[in-house]
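The values are calculated or read from the model by the stated rules, or taken from the named source; none is laboratory data. Not measured: the values here are computed from a predicted model. Backbone-built Cβ (ideal geometry, glycine too); neighbour counts: all protein chains shown.
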Amino acid sequence: MRFVKEDNKMKNSDLKYKNYLQILKEELVPAMGCTEPIAIAYAAAIAKKVLGCVPEKVIVEVSGNIIKNVKSVIVPNTGHLKGIAAATAAGIIGGKSDRKLEVISDITEGDKQKIKEYLSTYPIEVKLIETPFIFDIQMNVFYKDSYVKVRIVNYHTNIISIEKDGEIIYQKEATTSKEEGLNGKTLLNIEDIVDFANSVDIQDIEDTIGRQIEYNSRIAEEGLRNSYGANIGSVLISTYGSDIKVRAKAKAAAGSDARMNGCELPVIIISGSGNQGMTASLPVIEYANELKVSKEKLYRALIISDLVTIHQKTGIGRLSAYCGAVCAGAGSGAGIAYLYGGGYREISHTIVNALSIVSGMICDGAKASCAAKIAVAVDAGILGYYMFEQGQQFKGGDGIVKKGVEATISNIGKLAKEGMKETDIEIIKIMIED
């Protein structure tokens, strides 16, 4: 099918066209720093604003996956502080809630000192809570006899309740299987994604994709220029040279290293993850530069990579024991296949091949090693494409691979969401005991 518009008619293709556009615009948004600590800072900023003053006591109640993804990552604009307490203090002292996932982007040098003073003066207690929500942040702030509670579930800016001194100021229903306020993504499939990418009016998506290219390229270059984390991007290039396959991995890894280790540049995220946003985009941008394709071709390739990544994550959820970079690496492989002239068939086999290679990779939280995992995931995406070009592929019945790309993606969703539940529990136990 083609995604075409017809004046004064709302046909099925028109609805899908608008839905696909909206998915991209909702998912490809800017964030500064790792998104889980930023969500905590956002909750803290909201709570302080409603309270009307700086709280003298804070209790932060979170699900295990929030602890996992905040414990080891540097919170930007805090003077290299780590963890939930640091993110909370940053949101209280310098947070601007209207900036959402850029909530602590405008923190000053003076604010940084105030954050440290706040942490040493007022107690911030962190509690692991039993909750049906994998993503759950409950921010409780107190001043004298007054208190405010703010709760975020399912995704990073989804506030479901605000309470002050016993009065419910805001509340909405939430379920564990739905992302309230966002477009449904169950209609996504690889065939329609390719059709959409081929047919979309570039003007409809130019600002969204253009910003992705600008933001993510900038932080990748910063990561290669300076020392952040494990410097995986620089290690790759110094060890293996500057071949396009190496540069594609290095750019994505360098962006992650910078972001995980205090760089104060924003990134464009996908499925709530900056690492996935960079993994889906930077290798495709690098290959587009190498192949000297047109700007329009690059935009269409990025649309494929972004939507393929989102499609895979739909069946998994925002947070899981399954490393999200695997989804984005397969997405970037799909985008690269498109740059080489591939269509639905080539893209489908690239995705299946890539997922077959690295689907066992676990997520043990946000930290410097994410950059190395990204490099491995991108390598699988690239190898997945080159395999098919040389007549090689993994077929239905090979492990978790089923005949057809959609069936394989469905299997990955089951593996990650259901099969790895116990793995996730053990990972969190190990990290908390550390």
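Can you confirm whether Lys48 is surrounded by fewer than 18 Cβ atoms within 10 Å (Cβ to Cβ), basic (Lys, Arg) and in a helix (DSSP H, G or I)? Judged against the criteria, Lys48 is not a match. Of all the numbered requirements in (1) part of a strand (DSSP E or B); (2) within 30 Å of Lys417 (Cα to Cα), Ile84 misses one, and that requirement is (1).
Inside the range 285-310, can you point out the residues that are outside any helix (DSSP H, G or I) and of a type in the set (Phe, Trp, Tyr)?
Of all residues in the range 285-310, those outside any helix (DSSP H, G or I) come to 292-294.
Hits for the range 285-310: nothing passes.
When Lys114, Lys100, Lys96 are checked against the criterion of being in contact with a helix residue (DSSP H, G or I) (Cβ under 6 Å, 6 or more places away or on another chain), outside the structural domain of Glu418 (by TED's automatic domain parsing) and over 30 Å from Glu433 (Cβ atoms), Lys114 stands alone in meeting it.
Could you look through the range 310-367, keep only residues that are of a type in the set (S, T, N, Q) and farther than 20 Å from Glu290 by Cα, and pick out the one that is surrounded by the most Cβ atoms within 10 Å (Cβ to Cβ)? Give the steps one after another, and end with the answer.
Residues of the range 310-367 of a type in the set (S, T, N, Q): 312, 314, 320, 332, 348, 350, 353, 356, 359.
Retained after the next criterion (residues that are farther than 20 Å from Glu290 by Cα): 312, 314, 320, 348, 353, 356, 359.
Values: Gln312: 27, Thr314: 19, Ser320: 21, Ser348: 24, Asn353: 24, Ser356: 21, Ser359: 21.
Checked the range 310-367; the qualifying residue surrounded by the most Cβ atoms within 10 Å (Cβ to Cβ) is Gln312.
So is Lys114 within 27 Å of the chain's Cα centre (by Cα) and in a helix (DSSP H, G or I) or not?
Working: within 27 Å of the chain's Cα centre (by Cα): no; in a helix (DSSP H, G or I): yes.
Here the answer is no, as Lys114 does not meet what is asked.
Name every residue in the range 250-299 that is crowded, with 23+ Cβ neighbours inside 10 Å and charged (D, E, K, R), in order of residue number. Answer for the range 250-299, where residues must be crowded, with 23+ Cβ neighbours inside 10 Å and charged (D, E, K, R): Lys251, Asp257, Arg259, Glu286. Exactly one residue out of Ser256, Ser238, Ser271 is free of Cβ contacts under 8 Å to residues at least 24 places away in the same chain and assigned by TED's automatic domain parsing to the domain that holds Ala366, and it is Ser238. The sole residue among Pro283, Pro266 that is more than 18 Å from Ile205 (Cα to Cα), assigned by TED's automatic domain parsing to the domain that holds Ala371, touching a Pro at 6+ places or on another chain (Cβ under 6 Å) and touching a residue at least 12 places away in the same chain (Cβ under 8 Å) is Pro266. Scanning the range 383-397 for residues that are over 11 Å from Leu355 (Cβ atoms) and either not assigned by TED's automatic domain parsing to the domain that holds Gly324 or not polar (S, T, N, Q) (or both) gives Leu383, Tyr385, Tyr386, Met387, Phe388, Glu389, Gly391, Lys395, Gly396, Gly397. When you scan the range 351-395, how many residues do you find that are in contact (Cβ under 8 Å) with a residue 24 or more places away in the chain and basic (Lys, Arg)? The qualifying residues number 2.
Can you say whether Ser369 is under 22 Å from Asn261 (Cβ atoms) and modelled with pLDDT of 90 or more, as far as the supplied structure shows?
Details: under 22 Å from Asn261 (Cβ atoms): yes; modelled with pLDDT of 90 or more: yes.
Here the answer is yes, as Ser369 does meet what is asked.
Based on what the data block shows, is Ile162 closer than 30 Å to Ala258 by Cβ, outside any helix (DSSP H, G or I) and not assigned by TED's automatic domain parsing to the domain that holds Val246? The answer is no for Ile162. Take the residues in the range 306-318 that are in contact with a strand residue (DSSP E or B) (Cβ under 9 Å, 6 or more places away or on another chain) and not acidic (Asp, Glu); name whichever of them is modelled with the lowest pLDDT. Step by step, filter the range 306-318, then rank; the result is Arg318. When Thr186 is tested against (1) modelled with pLDDT of 95 or more; (2) under 20 Å from the mean Cα position of the chain (by Cα), only condition (1) is not met.
For the range 111-145, which positions are of a type in the set (Val, Ile, Thr) and loosely packed, with under 13 Cβ neighbours inside 10 Å?
Residues of the range 111-145 that are of a type in the set (Val, Ile, Thr), as a first pass: 115, 121, 124, 126, 129, 131, 134, 137, 141.
Residue satisfying the conditions is Thr121 alone.
Only residues that are closer than 24 Å to Ala372 by Cβ, among the β-branched types (Val, Ile, Thr) and in a helix (DSSP H, G or I) were counted in the range 311-338, giving 2.
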